[in-house]
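Read the structure below first, then the notes.
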Amino acid sequence: MDVFHCDQFALPLPEGHRFPLEKYRLLRERVTAWNLASLRVPEAASDRELVGAHDPAYVERVVSGSLTREEIRRLGFPWSPELVERSRRSVGGTLAASRAALGDGISVSLAGGTHHAFVDHGQGFCVFNDVAVAVRTLQTERRVERVAILDLDVHQGNGTASIFRDDSSVFTLSVHGANNFPFQKESSDLDVELPDRTGDDAYLPAARDGVRAALATAPDLAFYLAGADPFEADRLGRLSVSKAGLAERDRSVFELCREAGVPTVVVMSGGYGKTIEDTVDIHFTTVRTAFLSHAPRASV
């Protein structure tokens, strides 16, 4: 199983902005120590690939550093050349994982899941929508026709829903907190909105039913946004799901995808645990479960 990472492309961020990014380095170190997956650094996404899903004028503003003050505020990160490179590499990781999954059945990017990025603007720490760019690139290359996006981050994938609105070739599922960000939501093909403090017993069947519905559309490829933020100790989560519950969620998603014969691309998406080690544990369990799902006799 190929695993792609780009955490070495660090951002010069103020202290208060670093927490969401530190998990990527720690996760890569955990996966490296595990020593079962092949870790690779992806190529940066090109402008040509980015404009497959984004307005060329928006891409140019990001690349040239000419975003407006309001665009930077909505994005949540200060602009820098490093931000551009990191964002390109994150998209490149998802694109590389997509191509690998079509050959191997499953692949992972230790970044990605930037589902709040719209066609013409970024939002919520999401500059470019990596999954949308990967989908459009693979469709242009005629590698896939139909795609399912299984978004199990605690926040609705509003940018993704907007990009693929009225596109019957892409089924968008979002299982998220009803009362959480974004407060103005878009319409996915299937939105499963859950109340605060949902817990494992209600969360797991809701997630399974949503994934089943998405896979029933017979996609050529599935993208799984394996957010760690439904966790009960996540600062932004509010759904009160345990680590064991999230591990069972991962196992179920991979099992359903494998039963349906659908290659799967895994991206990390959100995670903001009160203790960063909890977030890294959850993401690492996702990677480990992905490996085991396609190597049942392996031991770790």
Between rounded, prolate and oblate, where does the chain land on the alpha carbon gyration tensor, with a ≥ b ≥ c its root eigenvalues, rounded for a/c under 1.5, else prolate if a/b exceeds b/c?
rounded
Provide the gained length on full extension for the span Arg73 to Ser168, in nm with one decimal, where the gain is 0.36 nm per separating residue minus the Cα-Cα distance.
30.9 nm
Please give the peptides 77-86, 203-212 ranked by average Cβ packing (other Cβ atoms within 10 Å per residue), highest first, as a rough proxy for protection.
203-212, 77-86
Ala244 to Asp196: FRET efficiency via 1/(1 + (r/R0)^6), r the Cβ-Cβ distance, R0 30 Å, to the nearest 0.05?
0.90
Given only helices, namely DSSP H runs of n ≥ 4 each adding -39500 (n - 2.57), what is the per-residue ellipticity at 222 nm of the chain, to the nearest 500 deg cm²/dmol?
-13500 deg cm²/dmol
In Å², rounded to a whole number, the accessible area per residue of the stretch 29-97 with probe 1.4 Å is 49
Residues of the stretch 166-281: accessible area per residue with a 1.4 Å probe, Å²:
40
Calculated FRET value between Thr275 and Val119, using beta carbons and R₀ = 22 Å, to 0.05
0.05
Could you work out how far the C-alpha centroid of the stretch 56-92 sits from that of the stretch 250-275, in angstrom?
28
Counting only complete DSSP H runs, which helices of the chain cover 30 Å or more along their long axis at the Cα atoms and score a mean Kyte-Doolittle of -1.0 or above?
81-104
For the stretch 90-208, with only Lys/Arg (+1) and Asp/Glu (-1) charged at the beta-carbon, what is the dipole magnitude about the Cα centre, in debye rounded to 20?
320
Ranking Val51, Met1, Trp34 by how far each Cα lies towards the positive end of the charge dipole of the chain (+1 on Lys and Arg Cβ, -1 on Asp and Glu Cβ), the top one is Trp34
Counting only DSSP beta bridges with both partners in the chain, the antiparallel fraction in percent, to the nearest 5, comes to 5
Could you sort 134-146, 243-255 so that the peptide with the highest average Cβ count within 10 Å comes first and the rest follow in order?
243-255, 134-146
Which percent of the accessible area of the stretch 32-171 is formed by carbon and sulfur heavy atoms (probe 1.4 angstrom)?
48
Please give the peptides 148-156, 230-238, 161-169 ranked by average Cβ packing (other Cβ atoms within 10 Å per residue), highest first, as a rough proxy for protection.
148-156, 230-238, 161-169
When a/c reaches 1.5 or more, the comparison of a/b and b/c decides; with that in mind, is the stretch 117-274 rounded, prolate or oblate per its Cα gyration tensor?
oblate
When the dipole is taken about the Cα centre of the chain, and only Lys, Arg (+1) and Asp, Glu (-1) are charged at their Cβ, what size is it in debye, to the nearest 20?
480
Simple Cβ-charge dipole of the stretch 148-300, Lys/Arg +1 and Asp/Glu -1, about Cα centre, in debye nearest 20
320
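The values are calculated or read from the model by the stated rules, or taken from the named source; none is laboratory data. No experiment lies behind these values; they were computed from the predicted model shown. Neighbour counts run over all protein chains shown; Cβ positions are idealised from the backbone, glycine included. Calculation scope for accessible area: heavy atoms of the full protein, side chains included, ligands and nucleic acids excluded. Shrake-Rupley method; radii C 1.70, N 1.55, O 1.52, S 1.80 Å.
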